[in-house]
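Working notes for the structure below.
The values are calculated or read from the model by the stated rules, or taken from the named source; none is laboratory data. Just so it is clear, the structure is predicted and the values come from calculations on it, not from any experiment. Please note: Cβ atoms are built from the backbone with ideal geometry, for glycine as well, and neighbour counts cover all protein chains shown. Areas reflect the complete protein model, heavy atoms only, side chains present, ligands, DNA and RNA absent. Shrake-Rupley method; radii C 1.70, N 1.55, O 1.52, S 1.80 Å.
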Amino acid sequence: MKTFIAILASVIVSFGASTANAATPGTDIMYKAAYSIMGEKSYYDASGNLLATSRFVTDASLPLPAIKKLMKKCPDHQIRYIREFQAEGINTYIITLENKTGFKVVRYAENTLTILQKLDKN
């Protein structure tokens, strides 16, 4: 019960700070909740409407077309992290891959695989 009250208090304080920042011209209209339940984060607009959620998932949660595209485009890479974003009914996956020489960060959304970043281990 104490944990629940602490989480609720931090959320209320977070929304209070976000509302104060909303009055400043030129600030971003998207706010992130200051809590995380089981690794899930929620993103809200200034009115408190839910925009998106995100969470870490395992490779077993990836859709089969995503796995096929990863095997074809990045066959020598191992999956390290997968973050699933859900907004307006669309699931987007940000996947971090690793091999002996470096890392790749890719995005899979709507049956399209896009390489966002490549990093060398040098």
**Prompt:** Restricting to region 38-52, what's the tally of residues that are loosely packed, with under 13 Cβ neighbours inside 10 Å and not in a strand (DSSP E or B)?
**Reply:** 5
**Message:** Against the conditions (1) at pLDDT 90 or above; (2) among the basic types (Lys, Arg); (3) in contact with a Lys or Arg (Cβ under 9 Å, 6 or more places away or on another chain); (4) open to solvent by less than 90 Å² (accessible area, probe 1.4 Å), where does residue 69 fall short? Just the number, please.
**Reply:** (3)
**Message:** The conditions are (1) in contact with a Cys (Cβ under 8 Å, 6 or more places away or on another chain); (2) within 23 Å of residue 38 (Cα to Cα), and residue 91 fails exactly one of them. Which is it?
**Reply:** (1)
**Fill in**
Filtering region 46-72 down to residues that are basic (Lys, Arg) and either touching a Ser or Thr at 6+ places or on another chain (Cβ under 7 Å) or touching a residue at least 24 places away in the same chain (Cβ under 8 Å) (or both) yields 55, 69
**Message:** Of the conditions (1) within 21 Å of residue 38 (Cα to Cα); (2) at pLDDT 95 or above, residue 105 satisfies every one except a single condition; which number is it?
**Reply:** (1)
**Message:** Condition first: within 24 Å of residue 42 (Cα to Cα), surrounded by 15 or more Cβ atoms within 10 Å (Cβ to Cβ) and hydrophobic (A, V, I, L, M, F, W, C). Now tell me which residues in region 80-112 satisfy that.
**Reply:** 82, 85, 94, 95, 105, 106
**Item:** Subset of region 53-63 that is aliphatic (A, V, I, L, M) and within 17 Å of residue 90 (Cβ to Cβ) - its residue that is surrounded by the most Cβ atoms within 10 Å (Cβ to Cβ)
**Value:** 62
**Fill in**
Scanning region 60-113 for residues that are assigned to a helix (DSSP H, G or I) and out of contact with any helix residue (DSSP H, G or I) (no Cβ under 8 Å at 6 or more places or on another chain) gives 60, 61, 64, 65, 66, 68, 69, 70, 71, 72, 73
**Asked** Out of region 31-43, which residues are at pLDDT 60 or above and under 22 Å from residue 107 (Cα atoms)?
**Response** 39, 40, 41, 42, 43
